[in-house]
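The values are calculated or read from the model by the stated rules, or taken from the named source; none is laboratory data. The model shown is predicted, which means the values in this text are computed figures rather than measured ones. As a convention, Cβ positions derive from the backbone with ideal geometry for all residues, glycine included, and neighbour counts pool all protein chains shown. These accessible areas exclude ligands, DNA and RNA; they are computed on the full protein's heavy atoms, side chains included. Shrake-Rupley method; radii C 1.70, N 1.55, O 1.52, S 1.80 Å.
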Amino acid sequence: MPMSARDLGIDYTLFGHSTVFVSGKGGVGKTTLTGNNATKTASKGIPTLAIDANGQGNLRREFGMDEGDKGEAFYLALKNGTPLVPIKNVRPNLDVVLGGKELRQINTLFLEIAQHEGPYAAFLRLAKCLQPLLSQYGVVWIDAPPENPNVLMLCLCAARWLVAPVKMDVCSLEDALSDIADAFKAAKQVNTLLELLGVVHFGSPPGSTEIHKQVVNDARKLLGKSAHVFDETIHASSKTAKLARDLGLSVWELEAQERAQDKKMAKAIKNLADAHDNLTTALLVRMRSRLETAA
């Protein structure tokens with residue numbers, strides 16, 4: 001049986017633009033970040049692929065899509081070991097692989113592959129299905145499901161970068177980041193180039209400087225002193241976020257449409273859009289810097 005990624009034809013030097021958003025719990029912003037980053041990079045002219053590995057299939061709502069095949073094409077690609085088949089041109093330069101309830105079969109599939117082809121083949125199944133597509137895209141964003149170790153391993157083994165969104169609460173910081181640290185160590189045994197790109201502070205009130213300092217301190221206690229925590233935070237703005245999702249738009253797309261009639265709402269939309277834009281830029285800059293350092 002294969003004993004390494006290379007034995008299965010996986011070349012991790014090709015995955016330098018693949019990023020997975022990971023948390024040990026739901027509701028910390030993974031899907032929101034995946035959707036907003038994907039629409040922003042696509043708008044910058046970067047060919048972008050967004051992948052929803054969740055059984056709930058909520059990423060589609062960020063783009064105003066219906067539930068489509070509920071993840072069936074995604075599941076069949078994994079089952080057969082064939083290239084993923086994205087939905088093309090959801091936005092200019094943006095393709096999407098839909099998740100949904102069909103992906104709830106992945107745990108059984110994972111165990112079957114591990115039994116018949118070996119654990120490495122199971123861990124690397126998504127990487128195998130994604131690798132043939134990588135040359136088509138300048139960036140790949142993956143929304144990984146919480147609390148599903150097998151699917152999380154699939155996602156971690158199909159990415160170069162791990163981004164961990166957190167909220168300032170005990171469960172998010174302590175439990176979720178501890179789970180991420182354990183999963184990261186396990187995935188590194190297969191995907192040796194996997195790197196924690198950084199932690200993103202999500203969902204605190206605007207201007208929460210002291211809370212952010214605490215997030216930085218706690219994240220570094222759990223993930224190590226060298227763990228990077230992005231200065232660019234995504235503050236809570238529930239009305240803006242709900243309006244954007246209801247309309248199937250990213251926050252910056254919402255701002256561009258100038259739908260808000262009152263000045264207070266318009267300002268809230270602009271502030272949140274700017275925050276997402278700043279974070280997207282910071283993520284891309286850090287990816288490029290880390291790749292240059294590794295070269």
| request: Restrict the search to segment 204-295; then list the GluC sites (Glu not before Pro) that DSSP places in a loop and that have at most 13 other Cβ atoms within 10 Å of their Cβ. | output: 258
| task | Report the full-extension gain for the segment residue 116 to residue 80: residue separation times 0.36 nm, less the Cα-Cα distance, to one decimal in nm. | result | 11.6 nm
| query | Taking amide H positions as placed 1.01 Å from N in the peptide plane, with prolines and chain starts having none, which residues 5 or more places from residue 94, or on another chain, fall under 5 Å of its amide H? | reply | 48, 89
| query | For the chain, what is the mean residue ellipticity at 222 nm derived from helices alone (per DSSP H run of n ≥ 4: -39500 (n - 2.57); sum divided by total residues; nearest 500 deg cm²/dmol)? | reply | -14000 deg cm²/dmol
| message | Just to verify a number: what accessible area does residue 85 come out at with the full protein assembly present, 1.4 Å probe, Å² rounded to tens? | response | 100 Å²
| Cα-based shape type of segment 54-99, given that a ≥ b ≥ c are square roots of the gyration tensor eigenvalues and the cut on a/c is 1.5 | oblate
| Hits among aspartates and glutamates - C-alpha to C-alpha of residue 70 under 19 Å, sequence gap 8 or more where chains match | 52, 62, 95, 102, 143
| note | Amide H proximity to residue 196 below 5 Å, modelled H, separation 5+ or other chain, gives 162
| note | Measure of exposure for residue 43: accessible area at 1.4 Å probe, Å² rounded to 10, is 60 Å²
| said: If I take every Cα pair under 8 Å that is 6 or more residues apart in segment 108-211, average their sequence separation and divide by the length, what percent do I get for the relative contact order? | reply: 27 percent
| Which translational diffusion coefficient, to the nearest whole µm²/s, is obtained for the chain from the Stokes-Einstein equation, given a Kirkwood hydrodynamic radius over C-alpha pairs, 37 °C and 0.692 mPa s? | 171 µm²/s
| remark: The farthest towards the positive end of the charge dipole of segment 225-295, of the residues 271, 294, 228, given +1 on Cβ of Lys and Arg and -1 on Cβ of Asp and Glu, is 228
| remark: For the chain, averaging the sequence separation of alpha carbon pairs under 8 Å that lie six or more residues apart and dividing by its residue count, the contact order in percent is 23 percent
| task | Could you order 61, 288 so the one with the most accessible surface comes first? Probe is 1.4 Å. | result | 288, 61
| To the nearest 10 square angstrom, what accessible area does residue 65 show with a 1.4 Å probe? | 30 Å²
| remark: Length-normalised contact order of segment 35-89, Cα under 8 Å, at least 6 apart, in percent, tallies to 23 percent
